[in-house]
Amino acid sequence: MTLQSADNQPSTHEEVAVSMQNVTISYGNAAAVRDVFCDIPSGKVTALIGPSGCGKSTILRSINRMNDLIEGCTLKGRVLFDGVDLYAPTVDPVEVRRRIGMVFQQPNPFPKSIYENVAFGARINGYTGNMDELVERSLRQAAVWDECKDKLKESGYSLSGGQQQRLCIARTIAIQPEVILMDEPCSALDPISTLKIEETMHELKKSFTIVIVTHNMQQAVRVSDETAFFNAETVENRSGKVGYLVEFNDTQSIFNSPQEQATQDYVSGRFG
Amino acid sequence: MNVNNLGLITRNDQLNYKPNIKRNLGNRLMTGLAALFSIVAVLPLVLVLGYILLKGASKISISLFTELPPPPGLEGGGIGNAILGTFVVTFIAALFAIPIGVGGGIYLAEYSRSDWFAQFIRFGTNVLSGVPSIIAGVFIYGTLVTTRLLFGNAYSAVAGGLALSILMIPTVIKTTDEGLKLVPDDLRRGALGVGASRFITITRITLPAAFTPIATGVVLSIARAAGETAPLIFTALFSPYWADLLSVDGWFSSIATLSVLIYNFSIMPLEVQNELAWAASFVLVALILALNLSARWLGRVASR
């Protein structure tokens, strides 16, 4: 396994962006992921890894209340953001999503022009500044400006898959969120587009906290500072599995000297 | 013999086509039958259109569109008031049916979770779309016309429009519902993910994305309503005069429509009226054909 030896200090006293406290998420009566405690540090890239069905995407979606859209999905415990419980009854999920943006697995640009795709979020968030400037800055930050600066008026669908995904990242940046959630953003892309998105993420973490779900362990090593390993276990009297957080540490430790046997087995490719 | 064929499957030695074996004979017979039936299926369309064209097209003239029907026994005249009336009544129907239908469709597709209420509305919509059109007419006749509920007026253009809108609403609800369901959830998630509220997601993202199927459904339902007779016979009734659309009274008094004109004039024992009925049939069919074609055109333009 290739590893960079730089910035290998243990994380101490960093600012916490999102704190999950004893979070259990259920679909109907069946728990999908249980008893998660973790503090996602601010200004870093945190990767969530684990085998299929371990609930890492569910955890990710819970951070900006995307699970609200799924019928019968309930959450117990607390998700703290800026010291506020995101699931308190007074919290408006729309406001949450304005501060915690999301990039999805499949590139999903709106059926609008490239310019409008980026401007949409900012406009509905009441952005009053220079829109042209914001669109250019967002597209530059997402490293897709050069490819689409000459066709801003064309449909977002005219771009390739990788470009579309970076357009979606630009769209998310444009609302100037504090946290960006990425749900396997590269799983539908070719290796070169993946590389570009990973480079983009290195730039982005200077300004945003990033949480990424990935199936690709090399990608987790390449892009993340912290890694959370989730595993799934079968429960008695039920057909499905329930996920739980096995280990959460800085990426180097997870991949070089994991504390848990399960983590060791997973990162060395022995299962999953 | 081929090594793979152990004699269990009969095989011909030559690969060329043999027209007289059972398989090929059956194939030709079935192809012929299918062609025959498809011709029989479109025959009524061709015959009806051809007959109406033959009988009606010869009457087409400027005066047909600009003049009133003649009193019994006199010559000349046109069906101008009925053409205008069909437009007016259909417009009123669309005015009621489109907001209600699109709104209901949005509720079903976007807001309702699969609860009993949504199920009930979907079921009710299906039932309503199967209700015979005369029932819609009787319903409006009973509730609005005989009771003079509409500001003391009995038969009126508005009552006719409402009867037609009852027929349009189920179609509009269904096409809106289905059109919105075709919009991928990815788009909704994308919009919500950048902090759009549900309302903005629907008005700015999902409704525009579903515009084509919705517009097509609306146009088709208008085309259906424009040709209805039964609901209008005892709601809009008929009028031998021009509708006075500049005054409120004009909208609330009985009005002539093409379909009722055809119904009335075709059974009269008068040559002139019968011919006007044919001409009206032609105009009505042309109108509905144009609406259907524009629905197809809409679909093609927007899908590009």
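In the list B:161, B:124, which residue meets the criterion of being buried (at least 24 other Cβ atoms within 10 Å of the Cβ), assigned by TED's automatic domain parsing to the domain that holds residue B:250, part of a helix (DSSP H, G or I) and at pLDDT 90 or above? If you could, list the steps in order and put the result at the bottom.
On the way: B:124 fails: buried (at least 24 other Cβ atoms within 10 Å of the Cβ).
Just one listed residue meets the conditions, B:161.
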For region B:109-135, pairs from a residue that is closer than 27 Å to residue A:72 by Cβ to a residue that is surrounded by fewer than 12 Cβ atoms within 10 Å (Cβ to Cβ) and hydroxyl-bearing (Ser, Thr, Tyr), with Cβ under 9 Å and 6 or more apart or across chains, are B:118/B:111
Residue by residue through region A:82-98, note down the ones that are within 10 Å of chain B (Cβ to nearest Cβ) and surrounded by fewer than 17 Cβ atoms within 10 Å (Cβ to Cβ). A:92, A:95
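Give the residue, chosen from A:62, A:26, A:11, that is of a type in the set (Gly, Ala, Ser), surrounded by fewer than 21 Cβ atoms within 10 Å (Cβ to Cβ) and modelled with pLDDT of 90 or more.
Values: A:62 fails: surrounded by fewer than 21 Cβ atoms within 10 Å (Cβ to Cβ); A:11 fails: modelled with pLDDT of 90 or more.
On inspection, the qualifying residue turns out to be A:26.
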Conditions (1) within 14 Å of chain B (Cβ to nearest Cβ); (2) crowded, with 17+ Cβ neighbours inside 10 Å: number failed by residue A:72: (2)
How many residues does region B:219-265 hold that are without any contact (Cβ under 8 Å) to a residue 12 or more places away in the chain and among the hydroxyl-bearing types (Ser, Thr, Tyr)? 1
Restricted to region A:99-133 and to residues being among the small types (Gly, Ala, Ser) and either at pLDDT 90 or above or not in a loop (DSSP other than H, G, I, E, B) (or both), the residue nearest to residue A:158 (Cα to Cα) is A:113
Close pairs from region A:118-131: first within 9 Å of chain B (Cβ to nearest Cβ) and in contact (Cβ under 8 Å) with a residue 40 or more places away in the chain, partner part of a helix (DSSP H, G or I) and among the basic types (Lys, Arg), Cβ under 6 Å, at least 6 apart: A:121/A:171; A:125/A:98
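If a residue counts only when it is away from every other protein chain (no Cβ under 14 Å) and not polar (S, T, N, Q), which helices (runs of 4 or more DSSP H) contained entirely in region B:164-253 have at least 3 such residues?
Numbers: elements: B:185-193, B:211-226, B:230-233, B:248-251.
The helices (runs of 4 or more DSSP H) meeting that bar are B:211-226, B:230-233, B:248-251.
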Just to be sure I understand, how many residues within region B:131-155 are in a loop (DSSP other than H, G, I, E, B) and either within 22 Å of the chain's Cα centre (by Cα) or within 23 Å of residue B:220 (Cβ to Cβ) (or both)? 2
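The values are calculated or read from the model by the stated rules, or taken from the named source; none is laboratory data. On a predicted model such as this, the values are computed, not experimentally measured, just so you know. Note: ideal-geometry Cβ built from the backbone for every residue, glycine included; neighbour counts use all protein chains shown.
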